[in-house]
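To start, the structure under review is shown below, and the notes come after it.
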Amino acid sequence: MSTLLETRRLKKYYPVLGGVLRRKVAEIKAVDEVNIRILKGQCFGLVGESGCGKTTFGKTIIRLLNPTAGSIYLDVPSDIMEEIDKLENSDDRDSRTLKELRKKYDLATYRGSMLSGIRKKMQIVYQDPTSSLNPRMLVKDVVSEPLIVQGLAKGQAARKKVLEMLYKVGLTEKHLYRYPHEFSGGQRQRIAVARALIIDPEFVVLDEPTSSVDVSVRAQLLNLFQDLQKDLNLTYLFVSHDLSVVECIAHRVAVMYLGKIVELARTEELYKNPLHPYAQALFSSIPIPDPTVQKRPIILTGEVPSPVNPPPGCRFHPRCPKAMQICTEKEPELKDIGNGHLVACHLIH
Amino acid sequence: MTKEILVVDDLRLNFYTYEGVVEALDGVNLSLKKGETLGVVGETGCGKSVTGLSILNLIPPPGRIEGGKVLFNPKKKPVDLLVQKEAILRRVRGKYISMVFQDPRSALNPVYTAGDQIAEVLRHHRRKELIQRSLERINEEIEAGKAGFLTGYYKGIYQKMLKNPKALSLLILSKIPIVSRYKRMLNEEAKKEAINMLRIMRIPDPERVVDMYPHELSGGMAQRVVIAIALACNPEVLIADEPTTNLDVTIQLQILDLIKELKEKFSSSIIYVTHDMGVIAQMCDRVAVMYAGNVVELADLFEIFKKPLHPYTQALLESIPRPGKPFKSIEGTVPSLVNPPEGCRFNDRCPYAMEICRKEKPKLVEAKKEHFVQCFLYR
Amino acid sequence: MRYRLREFKAGIRPTLDELKFTLKKIRKSPLSIVGTVIVAFYITIAVFAPVLAPPTDPRNPYSIFHDGYGPTPRPPGSPVNDPFILSTGWTVHFLGTVEGQLDIYYGCIWGTRTAFRIGVIVVAIALTIGLLTGSLAGYYGGTIDEFLMRFTDIVLAFPGLILAMALVIALPRTWPIDLGFLGLAIMIFFVLVFLGRFLKLQGIWTFMLGLLGLATVVLSYVWALGTPPIYIIKLGLTNLDKVLIALALVGWPGYTRVIRGEILRVRNEDYVEAAKAVGCSDFRVITKHILPNAIYSVVIMASLDIGAIVLTAAALSFLGIGAPVGYADWGQMISFARNWIWAGIENPWQYWYTFTIPGVFIFTFVLGWNLLGDAFRDILDPTLRRR
């Protein structure tokens, strides 16, 4: 399978302004040097707790936020990727060819009209369907707006497309002329999905789409996502803090902590055998809806530190039950230990 | 047989909105035994949160309790909380029955420090104890010879507070600005007790946290402060309304562990309202499943998970996403409570619906020992 | 054809539903009904003024007819004496006359039209300026925000009444407008707009372009003052118009602040970001997504303002600045009653009708708009709407 999306050393820092002259005193390192690769047709899960930067990462990838540094490559043919690789690894960092290639393919450098051009290919579905739909717009307008703005269809043709899309997500013609507040949470989320998919994107970021709906509706939405992925050949980035949902729908899962990826593997592999101490604690803390299963969960001490001043060395070491001396000094690299399972921990290396 | 400390009997609640009358609770029956954790589980709109609120009669207008009883039985005679006067209810809330809310940030008043808010509860309900402690401290000071010239005066006031708290002289004195400094001692005692409560909640460095404002606290810590306020007066019953839904998974684990430990320590009974079946499996002894304003099943934890009787419970358990298995959801949507369907409210989605389900509403019957179901399949 | 009709009906249905809901809400609150009734009543009077009080001089309907020149006001029901006026159909002074024998009934009826003119024009201008500045400041933030808000602060420092008085004295009676250069300025503006669309400029650049256009217009006008005119028309400015200009010039900062606040609240909502993710231009985001959700407070403020502006204008007319003498304006009429409020020891309230009747008109007009404003807030405020 070919790579659809790849990020290289992606960073998103927010400046903290302080002092009388409002200068930059510190930086919130929301996303700090993240490299991932998402294959076409795959559902890539990104888990972590609040404040770890997963939502920021999702929004930065599709350029809703401007990255501070790093590169994003969307659907770049493999030979060009190889060339970029070669140029980056050589000493020729500032060569003109590299710069030109970057300007053409690296999404992080896009501005203005090139940026509006790629909006067609990447879309996002938000967490809270109530606030992600304009309360003063009819469903018909909400779903047809992307078509009109991108100049793909107008009037009658647009209405036909809207109807097609609504049928695909499980709504009917009756729902066209209604306001969002007349629907339930699950239905609103479907409208948001329809809006995201109507312009035929290749890549969709699902930002905790099932967190604000009920358990029974969750299953409906997950079915919908899977069906649509097969139908329309989509690639997902499924961001969530709900580990049990991600386990069911994602092919590969990455665990994020304080802006860095600490472990990345295939879903079954990761859930069965987490290696990083944070991942172990995280997976052991999922409450299992079965009273006969008695686990000994690993309870972490302390709170998540603020991303303004991350601890030196490995960011997890103040809470890690297995921290060593080296963990306070050097940051561990994300290394592949075999069969696509990557871990960033000194214990494993 | 363990005593039933709280019984909700046929509770009916209506909300009178512009859209019509929302029949939020349609005859809810629950019972909480002493020392157990009762889980109330259901989806959005099933009425679990308002059940908790109506036990304490905290339903805001346009809601109105239309019928039923809430029998609270701490000592010998059960008392119906719904007919009590406000003054008596105020003595019950916080001291005998207290509540922990879902969003810690909005449950705490942003302009008061955490310590102030815990101290407020203490001053209201454990006043006598605090006065006695202040008196002891004053006596110690006198004995140690460190008495200032006002100490004798303070002693007199505190003794008066102990004997006759509603005295007119106290009322006047407490309003005069400089003279009312005697309250300072009471506040200090309250603050010490608040620090103690925070330490029990396993908050590190409680002396510093006690002076922090809610916006300076993280979600987990804020929720611990809310739990501290709830448990400050050692209530008999604790109603926890989705206390960990807004928290991260690892923090949730810490809080759940804390609640389990505190239940032992304070020997309270807990009503735990949530929509997360996993949490129920970890925390509860008995479970009540609610749907559209009714309790449809009430049984032991293992019974509910292993042998659910009501079709809704079965469907709910099946719809929990499991890896490798296809996702099964419940057909249809929750009925609008403005025009609830006739008969059993689940009949339009129930795979076993019969003719009678559309006409009459089933009653909660004991299908097996200690296992109650509200369904015509089990009569 | 039938399909179109069906489409139209289906499209209208949710708007109708919302309208029905709004009407139900209005019916539930008695004060809103009172407000609506009062305002509707005044609108009817204003619309049917020529029927209710046929003008004696059809070319100048706003000048109140006067029945002779007698200084003492006459009570309601006094007959008309002047033969010319009798010939036009007026037989009796329904509500009496005021000093100079100006008919109170006529003045109040036509004064309604003046009141609406004052209120609506001033609020419309102030609202437009306020919306423009507030939207730009709220949406773009940063230096634009600072710049615009400090400018607004400067304007806020001007005292409205005193500015009105100053303008009445300072502005000439006629204002010459050079149509040639006006046309040129408008053409430049449109050229710039098309240039912007052609170059597909985004956001901040369109704003810069707009500023450039504005600067060009102003500079060209200044330059034009020194050159021979192309085609001048003289715009007549009555004192009342000058008062309107003054009130509009100082009335807009309130709207700017309110709209800016609302936009700051709305622009962080998810649906605004979703619109940007779909590729909407800044203009579309502001007009279609942000403003429809942010406009409630402004609408409420506008309706309350109409009453307030009319009151201010009445005060200015009472002081003598404002409507010309004999003009049908409520404040004018009260100013004529100045000497007749207290008529001596015996029977002091003899001439009560001179100031009470116009006063009642002003009072109920402002009350009606205030209640309507409250009603709008109760109806339109999304947080209160769904209770």
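Would you kindly identify the helices (runs of 4 or more DSSP H) lying entirely within segment A:154-238 that contain at least 2 residues that are surrounded by fewer than 19 Cβ atoms within 10 Å (Cβ to Cβ)?
Those helices (runs of 4 or more DSSP H) span A:155-169, A:215-232.
Would you point out which residue out of C:Val243, C:Val218 is out of contact with any helix residue (DSSP H, G or I) (no Cβ under 8 Å at 6 or more places or on another chain), modelled with pLDDT of 70 or more and not aromatic (Phe, Trp, Tyr)? Even if it seems obvious, please write down each step before you answer.
On the way: C:Val243 fails: out of contact with any helix residue (DSSP H, G or I) (no Cβ under 8 Å at 6 or more places or on another chain).
Exactly one of C:Val243, C:Val218 is out of contact with any helix residue (DSSP H, G or I) (no Cβ under 8 Å at 6 or more places or on another chain), modelled with pLDDT of 70 or more and not aromatic (Phe, Trp, Tyr), namely C:Val218.
Condition check: touching a Leu at 6+ places or on another chain (Cβ under 8 Å) and either under 29 Å from A:Gln280 (Cβ atoms) or at pLDDT below 85 (or both). Does A:Arg8 satisfy that?
Here the answer is no, as A:Arg8 does not meet what is asked.
Do we find a residue being within 25 Å of the chain's Cα centre (by Cα), more than 14 Å from chain A (Cβ to nearest Cβ), within 26 Å of C:Tyr353 (Cβ to Cβ) and surrounded by fewer than 12 Cβ atoms within 10 Å (Cβ to Cβ) anywhere in segment C:22-39?
No; the residues of segment C:22-39 include none that is within 25 Å of the chain's Cα centre (by Cα), more than 14 Å from chain A (Cβ to nearest Cβ), within 26 Å of C:Tyr353 (Cβ to Cβ) and surrounded by fewer than 12 Cβ atoms within 10 Å (Cβ to Cβ).
Among the listed residues C:Ala323, C:Ala328, C:Ala294, identify the single one that is closer than 30 Å to C:Glu269 by Cα and buried (at least 23 other Cβ atoms within 10 Å of the Cβ).
Exactly one of C:Ala323, C:Ala328, C:Ala294 is closer than 30 Å to C:Glu269 by Cα and buried (at least 23 other Cβ atoms within 10 Å of the Cβ), namely C:Ala294.
Filter segment A:243-276 for residues that are under 18 Å from B:Gln252 (Cα atoms) and either within 8 Å of chain B (Cβ to nearest Cβ) or in contact with a Pro (Cβ under 7 Å, 6 or more places away or on another chain) (or both) and give the result.
A:Leu243, A:Ser244, A:Val245
Could you identify the single residue in A:Leu197, A:Leu171, A:Leu206 that is more than 12 Å from chain C (Cβ to nearest Cβ), in contact (Cβ under 8 Å) with a residue 40 or more places away in the chain and aliphatic (A, V, I, L, M)?
When all the criteria are applied, what remains is A:Leu206.
Being in contact (Cβ under 8 Å) with a residue 40 or more places away in the chain, under 20 Å from the mean Cα position of the chain (by Cα), over 27 Å from A:His181 (Cα atoms) and away from chain C (no Cβ under 13 Å) is the requirement here; does A:Ile72 meet it?
Considered against the rule, which asks whether it is in contact (Cβ under 8 Å) with a residue 40 or more places away in the chain, under 20 Å from the mean Cα position of the chain (by Cα), over 27 Å from A:His181 (Cα atoms) and away from chain C (no Cβ under 13 Å), A:Ile72 comes out as yes.
Suppose we filter C:Arg74, C:Arg113 for residues that are of a type outside the set (Gly, Ala, Ser), touching a residue at least 24 places away in the same chain (Cβ under 8 Å) and assigned to a helix (DSSP H, G or I); which single one remains?
C:Arg113
Residue by residue through segment B:350-372, note down the ones that are buried (at least 19 other Cβ atoms within 10 Å of the Cβ), more than 31 Å from the chain's Cα centre (by Cα) and either modelled with pLDDT of 85 or more or part of a loop (DSSP other than H, G, I, E, B) (or both).
Answer for segment B:350-372, where residues must be buried (at least 19 other Cβ atoms within 10 Å of the Cβ), more than 31 Å from the chain's Cα centre (by Cα) and either modelled with pLDDT of 85 or more or part of a loop (DSSP other than H, G, I, E, B) (or both): just B:Cys350.
Any residue in segment A:118-137 that is within 18 Å of A:Thr7 (Cβ to Cβ), part of a helix (DSSP H, G or I) and either more than 9 Å from chain C (Cβ to nearest Cβ) or of a type in the set (Ser, Thr, Tyr) (or both)?
Yes: segment A:118-137 contains one or more residues that are within 18 Å of A:Thr7 (Cβ to Cβ), part of a helix (DSSP H, G or I) and either more than 9 Å from chain C (Cβ to nearest Cβ) or of a type in the set (Ser, Thr, Tyr) (or both).
Given the options B:Ser174, B:Ser218, name the one that is modelled with pLDDT under 85, hydroxyl-bearing (Ser, Thr, Tyr) and surrounded by 14 or more Cβ atoms within 10 Å (Cβ to Cβ). Show your work before the answer.
Values: B:Ser174 fails: surrounded by 14 or more Cβ atoms within 10 Å (Cβ to Cβ).
That would be B:Ser218, the only listed residue that is modelled with pLDDT under 85, hydroxyl-bearing (Ser, Thr, Tyr) and surrounded by 14 or more Cβ atoms within 10 Å (Cβ to Cβ).
Please work out if A:Val162 is without any contact (Cβ under 8 Å) to a residue 60 or more places away in the chain and in contact with a Ser or Thr (Cβ under 7 Å, 6 or more places away or on another chain).
Against the criterion (without any contact (Cβ under 8 Å) to a residue 60 or more places away in the chain and in contact with a Ser or Thr (Cβ under 7 Å, 6 or more places away or on another chain)), A:Val162 qualifies.
Determine whether segment A:138-146 contains at least one residue that is within 9 Å of another protein chain (Cβ to nearest Cβ), within 22 Å of the chain's Cα centre (by Cα), within 17 Å of C:Val285 (Cα to Cα) and buried (at least 17 other Cβ atoms within 10 Å of the Cβ).
So far as segment A:138-146 goes, yes, one or more of its residues are within 9 Å of another protein chain (Cβ to nearest Cβ), within 22 Å of the chain's Cα centre (by Cα), within 17 Å of C:Val285 (Cα to Cα) and buried (at least 17 other Cβ atoms within 10 Å of the Cβ).
Report those helices (runs of 4 or more DSSP H) wholly inside segment B:161-233 carrying at least 3 residues which are of a type in the set (Asp, Glu).
Output list reads B:183-200.
Considering each residue of segment C:255-276, count those that are surrounded by fewer than 23 Cβ atoms within 10 Å (Cβ to Cβ) and within 13 Å of chain A (Cβ to nearest Cβ), and give that number.
Total satisfying the criteria: 9.
Can you spot a residue in segment B:253-275 that is without any contact (Cβ under 8 Å) to a residue 12 or more places away in the chain and more than 9 Å from chain A (Cβ to nearest Cβ)?
Restricting attention to segment B:253-275, the residues satisfying the condition of being without any contact (Cβ under 8 Å) to a residue 12 or more places away in the chain are B:253, B:257, B:261, B:264.
Then drop every residue that is not more than 9 Å from chain A (Cβ to nearest Cβ), which leaves B:261, B:264.
Yes, that holds for at least one residue.
Each row is one residue, and each column tells you yes or no for (1) at pLDDT 85 or above; (2) surrounded by fewer than 15 Cβ atoms within 10 Å (Cβ to Cβ).
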site	(1), (2)
A:Ser2	no, yes
A:Leu21	no, yes
A:Leu39	yes, no
A:Thr60	yes, no
A:Ala69	yes, yes
A:Ile80	no, yes
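Any residue in segment A:295-306 that is closer than 13 Å to A:Arg319 by Cβ and facing chain B (nearest Cβ under 7 Å) sitting within a Cβ distance under 8 Å of a residue that is surrounded by 15 or more Cβ atoms within 10 Å (Cβ to Cβ) and among the basic types (Lys, Arg)? List the pairs, counting only those 6 or more apart or interchain.
These pairs meet every condition: A:Leu300/A:Arg319.
Just to be sure, is B:Val28 β-branched (Val, Ile, Thr), within 15 Å of the chain's Cα centre (by Cα), in a strand (DSSP E or B) and under 21 Å from B:Asp241 (Cβ atoms)? First the steps, then the outcome.
Working: β-branched (Val, Ile, Thr): yes; within 15 Å of the chain's Cα centre (by Cα): no; in a strand (DSSP E or B): yes; under 21 Å from B:Asp241 (Cβ atoms): yes.
When the stated conditions are applied, B:Val28 does not pass them.
The values are calculated or read from the model by the stated rules, or taken from the named source; none is laboratory data. Owing to the predicted nature of the structure, the values given are computational and were not obtained by experimental measurement. Methodologically, a virtual Cβ is constructed for each residue, glycine included, from the backbone with ideal geometry; neighbour enumeration extends over all protein chains shown.
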